[in-house]
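Accompanying notes for the structure given below.
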Amino acid sequence: MPPREARIVALCFGVLGLVIAGLILFAPMRDVVLRFVHDDAFYYFGVARGWRRYGFPTFDGIDATNGYHPLWQWLLVAVPGARADPAAFARAGTASGVLFFGVGTWLIARRLGREANPFGALAYAWVAGTLLLATIYGMESPLAALLLAVAIFAAPHHLDDWTLSRALACGAATSLLFLARLDALPWLVALDGVLVAIALGSRRRQIFALVGLIGAVQLAVVAGYFLSNRLIWGHLLSISAALKAARAPLFSLAVPRSLLFLLAIGVAGLGLVPLTEFLRALRHGRSDRASELATPAWLALANLAYLAAIAAKGDRETYNWYFTLTVFSGAYLLPVCLEHYGVVWTGLSRRTLARWTLGACLVFLVISARSKITSPSFFVGAYDKALTLASFPENSLVLAATDCGILGYFSRQRVINLDGLTNSWDFQQALADDRVAGWLTDRGVNAYVAPPAVEDGVALLITRAGLSSTPRTLRLHVEPIRPVSPASGDIAVWRVTAIEQ
């Protein structure tokens, strides 16, 4: 791609990022921002606010939880804005995802430039078309993508690239990648496997030592995380990870019907080509060539392992942002494959290949933009209920609900999560013992917000399945605090007088 066209692509990427960040920071929360942010993101914002206020990780201000990917949560807690206006804090946290993607894509383009890849600017087009609009912000995925980009940038390209600083950077970046998304473990294992194979093929003691250093850094972080969980919470896993594993049947093959999922399949298939060549180079003792293919082989192997894990234990709680890392790796894999195989396989010139790829990325961008513009946000109702609850004195109400990230965060009330993912391990024991009604009563649940509607003074609450229990249905006996008014639509607030199962 000519330098002028490459600069134009990078500039368009920057402009698009600024537009998206501007919308997130300044556009109406209800009608615009909630199109970019999933309900789950507000659990992170809520836990950060609760942690700063109460001194322990909590969403509802009552029970402690470890139901989060740790690195993003820790960053939010460290920001003083956790005590600021809820909307401003959520906007800033959400907009930071655009920055993470921008810096990560720039690092990928720098790495491709270091390899003298003429398709390096396509990294910007790929991320702009596939992720900048399609990815859910406010959560950990953009941060994980940035850390993956750091690892790709630090990974050696030749046998002579192996240095102590690269090994430390690669080990640190992949370790933090694990903390950013706990299910990123396949990327650590795949990297170690590829590097060990190269070290065995080259038989250089220095490479063995540096690979061992990378593995030692990763082991210290991963083992430290699991050990701290065991010591603090009594379990190796976070409550959210344990719950999702327990709820997911084996080989259910339940995956979201989304553009990101389809693109992840395509990227994984594309990676088979350099992975096959890498294995062939190892078999023929060509350690120099294998080293040049180490990064694409690592990404390809990690993508395959991750998608295999999704196939084995994916369920209806597998969302499109689960495929962010796989799709993001396409920013590196696509230019590499175009450079090494595109001209030979298609017979097209590099310029034609680049323009066809730019056209495809533009189509992806249009699809993503159309979905944001035409598809209504499913979270507007929760936001409206939260604003109604926020008119009551702060923390005067205690509610319980599923899918309550927005409700709990913006309402300024204590909202207990009945999904269990951002609740306590004690809640799971209450589910298993079939004593949820008493458990909620002990925590002072005193309010219910409709819809769903109340019939004959009774509202129904349904929990999600637990670690070892089926969903539970609770009957709340209620009386009106604030009836439906023209201003609130069909939203009404009720006082809970009794809870029974």
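The values are calculated or read from the model by the stated rules, or taken from the named source; none is laboratory data. Note that the coordinates shown come from a computational prediction; the quantities given were computed from them, not determined experimentally. Cβ: placed from backbone, ideal geometry, glycine included. Neighbour counts: every protein chain shown. With ligands, DNA and RNA removed, areas are computed over all heavy atoms of the protein, side chains included. Shrake-Rupley method; radii C 1.70, N 1.55, O 1.52, S 1.80 Å.
Residue-wise test of (1) open to solvent by 70 Å² or more (accessible area, probe 1.4 Å); (2) more than 25 Å from Leu34 (Cα to Cα); (3) outside any helix (DSSP H, G or I); (4) modelled with pLDDT of 90 or more.
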position: Glu317; (1), (2), (3), (4): no, no, yes, no
position: Phe323; (1), (2), (3), (4): no, no, no, yes
position: Phe328; (1), (2), (3), (4): no, no, no, yes
position: Pro335; (1), (2), (3), (4): no, yes, no, yes
position: Leu338; (1), (2), (3), (4): no, yes, no, yes
position: Val343; (1), (2), (3), (4): no, yes, no, no
position: Thr357; (1), (2), (3), (4): no, yes, no, yes
position: Arg370; (1), (2), (3), (4): yes, no, no, no
position: Ile406; (1), (2), (3), (4): no, no, no, yes
**OP:** Give region 46-105 a look and list any residue that's in contact (Cβ under 8 Å) with a residue 40 or more places away in the chain and in contact with a Pro (Cβ under 7 Å, 6 or more places away or on another chain), or say none.
**Re:** Val47, Ala64, Thr65, Asn66, Gly97, Phe100, Phe101
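For every residue, the table says whether it meets (1) open to solvent by 40 Å² or more (accessible area, probe 1.4 Å); (2) of a type outside the set (A, V, I, L, M); (3) touching a Leu at 6+ places or on another chain (Cβ under 7 Å); (4) not in a helix (DSSP H, G or I).
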residue: Thr388; (1), (2), (3), (4): no, yes, no, no
residue: Phe410; (1), (2), (3), (4): no, yes, yes, no
residue: Gly420; (1), (2), (3), (4): no, yes, yes, yes
residue: Phe427; (1), (2), (3), (4): no, yes, no, no
residue: Leu467; (1), (2), (3), (4): yes, no, yes, yes
residue: Arg475; (1), (2), (3), (4): yes, yes, yes, yes
residue: Pro480; (1), (2), (3), (4): yes, yes, no, yes
Subject >> Residue check, Leu440 open to solvent by less than 10 Å² (accessible area, probe 1.4 Å) and either in a strand (DSSP E or B) or touching a Phe, Trp or Tyr at 6+ places or on another chain (Cβ under 6 Å) (or both) >> reply: no
Subject >> Lone unmet requirement of (1) within 30 Å of Arg283 (Cβ to Cβ); (2) assigned to a helix (DSSP H, G or I); (3) in contact (Cβ under 8 Å) with a residue 40 or more places away in the chain for Ser175 >> reply: (1)
Subject >> Index of the failed condition, Ser291 passing every other in (1) within 26 Å of Trp321 (Cα to Cα); (2) modelled with pLDDT under 95; (3) crowded, with 19+ Cβ neighbours inside 10 Å >> reply: (1)
Subject >> Residue among Ala116, Ala64, Ala88, Ala123 that is under 30 Å from Leu263 (Cα atoms) and either part of a loop (DSSP other than H, G, I, E, B) or open to solvent by 10 Å² or more (accessible area, probe 1.4 Å) (or both) >> reply: Ala116
**OP:** Please specify each residue of region 463-501 satisfying the condition of being of a type outside the set (A, V, I, L, M), farther than 26 Å from Ile239 by Cα, in contact with a Ser or Thr (Cβ under 7 Å, 6 or more places away or on another chain) and at pLDDT 90 or above.
**Re:** His477, Glu479
